[in-house]
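Everything on this sheet refers to the single structure shown next.
The values are calculated or read from the model by the stated rules, or taken from the named source; none is laboratory data. For clarity, every value in this text was computed on a predicted model and none was experimentally measured. Cβ: placed from backbone, ideal geometry, glycine included. Neighbour counts: every protein chain shown. The accessibility values were calculated without ligands, DNA or RNA, using every heavy atom of the protein model including side chains. Shrake-Rupley method; radii C 1.70, N 1.55, O 1.52, S 1.80 Å.
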Amino acid sequence: MFNSMDKNDLDTYAQKIIDGMQLSDDDLREVLLINDSMELEKLHYVARKVRDNYFGNKVFLYSFVYFSTHCKNRCAFCYYNSMNKINRYRLELEDIRNICRQLKGEQIHMVDLTMGEDPYFHEEPSRFTEVIDIVKEELGLPIMVSPGVMDDKTLEMLRGHGANFLALYQETYDKELYKKLRVGQSFSERIHAREFAQKIGYCVEDGLLTGVGNDIESTIISLKGMAKDNPQMVRVMTFIPQEGTPLEKTVQESNLSELKIISVLRLMFPDRLIPASLDVEGIEGMVYRLNAGANVVTSIIPSDSSLEGVANYDRKHEERKRDPKSVVEKLRSMGMEPAAQSDFNKILGVVA
């Protein structure tokens, strides 16, 4: 697709996307088949051009508080699945308050409160509202909740306490693959939770996992499935085999597929938020993902933090360099800057 294009052609193609051109299934197939490094760079250039039309050189930053690693589910890809015999934690409220105090004054736009489907919170949702109340009190920032599937009443309760964003990844819209990944979990209930959340005022994030047996046709199914609900944020992450899980012996693929899909997401969702996670390849991996068209940095944690992440490539690293200052320094070296909080609040529809 991009192989024979020069810079003017690429700029024209980017403008067509900005003007509303939609990618066909054949377009998606052609892009996902790209392997040539020069053609990949042209794809990433177009994605950056589209992103910069809407966001300039501004990037949004999310801090990450994985406050419970307990989970009732048996997801085949997840280190924290209920069958894995690992050390787990559930932070006390005072621990969460202290993390917030470490983040005060940092250039953070939103706090992501993440947990497994921990029965302690799922059976008594008021315990989760206490966590939200503390973060609001200490930081006054927008809050994303990443709690797994919660019922309508609980989503309303969390929204009432100030939750702005719901992150709930489908991982795949290929139903056969979904059964293998999210063992024993309802495909439709997950979709319903995001739809209901949008209805009552949340912004929502959906996400795909690559490197788990998804071929190109499966990926197209997922991209089109994700587009149906028009989420405010879309992501893709490379699967990292996790010790003690059913997929631990899977051969990890390179980040090539993820970077391609980030660019494809930018072409499909030109004005949406697309994350570059620090949880997969750290701060250097953040650079690749921003250069592929992302405009959000996620999984930022306080310096010297021992908080867990989802993929946790750096679990055994002594120096993790996922703190706000390290991220901002690297962004500036790339010619990028943290956006103003007011710009982020406009996306959320939050009145300052």
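Things to note:
- Degrees separating the helix 256-268 axis from the principal Cα axis of the chain, which is the longest one: 80 degrees
- Every helix of 4 or more DSSP H residues in the chain counts as -39500 (n - 2.57), and over all residues that averages to -13500 deg cm²/dmol at 222 nm.
- For the range 150-243, the alpha carbon positions stretch 40, 27, 21 Å along the principal axes, listed from largest to smallest.
- Largest to smallest accessible area among Ile132, Ile86 [probe 1.4 Å]: Ile86, Ile132
- Listed residues Phe67, Tyr80, Asn214: farthest to the positive end of the dipole of the chain (Cβ charges): Phe67
- Heavy-atom surface of the range 115-208, accessible at 1.4 Å and reported per residue (Å²): 39 Å²
- Equivalent ellipsoid dimensions for the range 37-98 as semi-axes, Å, which come from the Cα gyration tensor, largest first: 38, 21, 8
- Electrostatic dipole magnitude of the chain [Cβ: Lys, Arg +1; Asp, Glu -1; Cα centre; debye, to 20]: 220 debye
- About the Cα centre, charge dipole magnitude for the range 87-216 (Lys/Arg +1, Asp/Glu -1 at Cβ), debye: 120 debye
- In the structure shown, the pairs Lys249/Lys321; Lys85/Lys175; Lys180/Lys249; Lys42/Lys330; Lys199/Lys228 are assessed against 18 Å; a Cα-Cα span above that value is assigned to Lys249/Lys321; Lys85/Lys175; Lys42/Lys330.
- Relative to the globular-protein estimate of 2.2 N^0.38 Å, the Cα radius of gyration of the range 1-136 stands at 1.55.
- Relative contact order for the chain: 21 percent, from Cα pairs under 8 Å spaced at least 6 residues apart, divided by residue count.
- Accessible area of the chain belonging to carbon and sulfur atoms, whole % at 1.4 Å probe: 47 percent
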